[in-house]
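K.L.:
Have a look at this one.
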């Protein structure tokens, strides 16, 4: 009788454990879906704003009233989005594509890329770790690394960052460390630098 009772207690404990795990799993799934929807909304907003400002940049220049107005709106929007993204990263870590999908995962990167150097350096290891596990984009990792280097006054190593010169109306790469550049670019899925430069009209240096 005692043996049967003990088995019954163990079975009850095991069933309770399974129910708790299932409940937590469902809750995590619901949270992931909610975060995915929120981040995808941020992504659409960010891309829409930047498509508009690129058009204004090339047609009216950086000194135009239209560009300055749009740039201010984007800056304010980026700040509000960043607050939400940092809360997500601090609570859940760098959620991979397997958890929230490619678009929402990309928005984590965009929010950090549009922040300041201190934030970029703090969260870069999270992105790098996720990318190395193939749960985030290696290209995003390369872009963020290059952005950090440029902001520190150092040459970029993947050649992902460039700028628009309003005087010549041409695009130019920021300084690049050209040693083994194409090998590094290939490792993150990028074309050789000269080919990419030619296809996209980006100049290696000002002449």
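The values are calculated or read from the model by the stated rules, or taken from the named source; none is laboratory data. Quick caveat, the model's predicted, so the values are computed rather than measured. Cβ atoms come from the backbone with ideal geometry, glycine included; neighbour counts cover every protein chain shown.
K.L.:
Could you count how many residues in segment 166-194 are over 25 Å from the mean Cα position of the chain (by Cα) and in a helix (DSSP H, G or I)?
P.N.:
1
K.L.:
Could you check segment 141-165 and list, in sequence order, the residues that are in a helix (DSSP H, G or I) and over 18 Å from residue 189 (Cα atoms)? Before the answer, list the steps.
P.N.:
Keep residues of segment 141-165 that are in a helix (DSSP H, G or I), which gives 141-151.
Residues satisfying the conditions are 148, 149, 150, 151.
K.L.:
I'd like to know if segment 21-28 contains one or more residues that are touching a helix residue (DSSP H, G or I) at 6+ places or on another chain (Cβ under 7 Å), closer than 30 Å to residue 122 by Cβ and either surrounded by 10 or more Cβ atoms within 10 Å (Cβ to Cβ) or at pLDDT below 95 (or both). Spell out the reasoning first.
P.N.:
Residues of segment 21-28 touching a helix residue (DSSP H, G or I) at 6+ places or on another chain (Cβ under 7 Å): none.
The answer is no, given that none of the residues of segment 21-28 is touching a helix residue (DSSP H, G or I) at 6+ places or on another chain (Cβ under 7 Å), closer than 30 Å to residue 122 by Cβ and either surrounded by 10 or more Cβ atoms within 10 Å (Cβ to Cβ) or at pLDDT below 95 (or both).
K.L.:
Name the residue that is surrounded by the most Cβ atoms within 10 Å (Cβ to Cβ), counting only residues in segment 155-197 that are in contact (Cβ under 8 Å) with a residue 40 or more places away in the chain and within 30 Å of residue 60 (Cβ to Cβ).
P.N.:
If we take residues in segment 155-197 being in contact (Cβ under 8 Å) with a residue 40 or more places away in the chain and within 30 Å of residue 60 (Cβ to Cβ), then 162 is surrounded by the most Cβ atoms within 10 Å (Cβ to Cβ).
K.L.:
Please indicate, with yes or no, whether at least one residue in segment 43-62 is closer than 28 Å to residue 118 by Cα, outside the structural domain of residue 167 (by TED's automatic domain parsing), surrounded by fewer than 17 Cβ atoms within 10 Å (Cβ to Cβ) and touching a residue at least 60 places away in the same chain (Cβ under 8 Å).
P.N.:
Within segment 43-62, one or more residues are closer than 28 Å to residue 118 by Cα, outside the structural domain of residue 167 (by TED's automatic domain parsing), surrounded by fewer than 17 Cβ atoms within 10 Å (Cβ to Cβ) and touching a residue at least 60 places away in the same chain (Cβ under 8 Å).
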